[in-house]
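Notes for the one structure printed next.
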């Protein structure tokens, strides 16, 4: 099922993201975790793609299991920073052969060896190429409410975002954020820029202080004083920090739904227990 069709429904839903292992030795554990998350009944699930396509084979395998074994719509990621057009065409072929209707098209992070491919420069180039190959596949793209970490000016970032949409992107999913007002302001800005596709907010439950530090370092996401106080108070107590992080994420989601946002994507980090606890907190709000 196309995610764009799911997003037409006005009933609140939750979707989850999982990531494949770095090596095949961890594949069964990830499949087990993905299956447990799928059993919670999310509206769809996404499966990430390692730097430079390092997990591309495993991404397809995990995504195929979610779709074909568990019956949950799925969206594998596909990055282009180190990909040739031949590789992308092969990945789209595999996605379709596994009865998958969606793909998240991203530029991706440069590989550690610094070697990139010049077949694609921006995510919009990848989106345009995918759309030229398959007019019917549903294409998702990424967006950054606080601006991309590599883009100095928010106006330029929104201009690049408009290019993604014009290239054939059907919907957008945001990078994580911890202050909902940032997301609401972002929606106003992109609407003024003529971007009218659905935008799904991405929420990451922070369950350890180390997780917060790494997430901020990679994304540049700002942390509200309220959440800093939570980490300062509970960061050295794993049980308390886990509970506080899940409650904070749940409150973000409740506020989003209260303000008319009907579909939320949760970066669940392959943790079925975290996904389950969030859904428990939303019982009665999300059916």
Which residues, taken from the range 161-184, are out of contact with any helix residue (DSSP H, G or I) (no Cβ under 6 Å at 6 or more places or on another chain), within 19 Å of residue 249 (Cα to Cα) and part of a helix (DSSP H, G or I)? 181, 182, 183, 184
Only residues in the range 230-246 that are farther than 13 Å from residue 277 by Cα count as the first member; pair them with residues that are outside any helix (DSSP H, G or I), Cβ under 7 angstrom, at least 6 apart or cross-chain, and list the lot. 238/208; 241/207; 241/208; 241/235
Residue, surrounded by the most Cβ atoms within 10 Å (Cβ to Cβ), within the range 251-277, restricted to residues that are touching a residue at least 24 places away in the same chain (Cβ under 8 Å), within 23 Å of residue 19 (Cβ to Cβ) and more than 17 Å from the chain's Cα centre (by Cα): 277
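Going residue by residue through the range 186-194, is there one that turns out to be in contact with a strand residue (DSSP E or B) (Cβ under 8 Å, 6 or more places away or on another chain) and under 28 Å from residue 133 (Cα atoms)?
Yes, the range 186-194 has at least one match.
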With in contact (Cβ under 8 Å) with a residue 40 or more places away in the chain, surrounded by fewer than 16 Cβ atoms within 10 Å (Cβ to Cβ) and within 23 Å of residue 143 (Cβ to Cβ) as the only criterion, which of 109, 101 stands out? 109
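Readers should treat all values here as calculations from the given coordinates under stated rules, not as data from a laboratory. Fair warning: this is a prediction, and the values are worked out from it, not measured in the lab. All Cβ positions, even for glycine, are placed from backbone atoms using ideal geometry, and neighbour counts span all protein chains on display.
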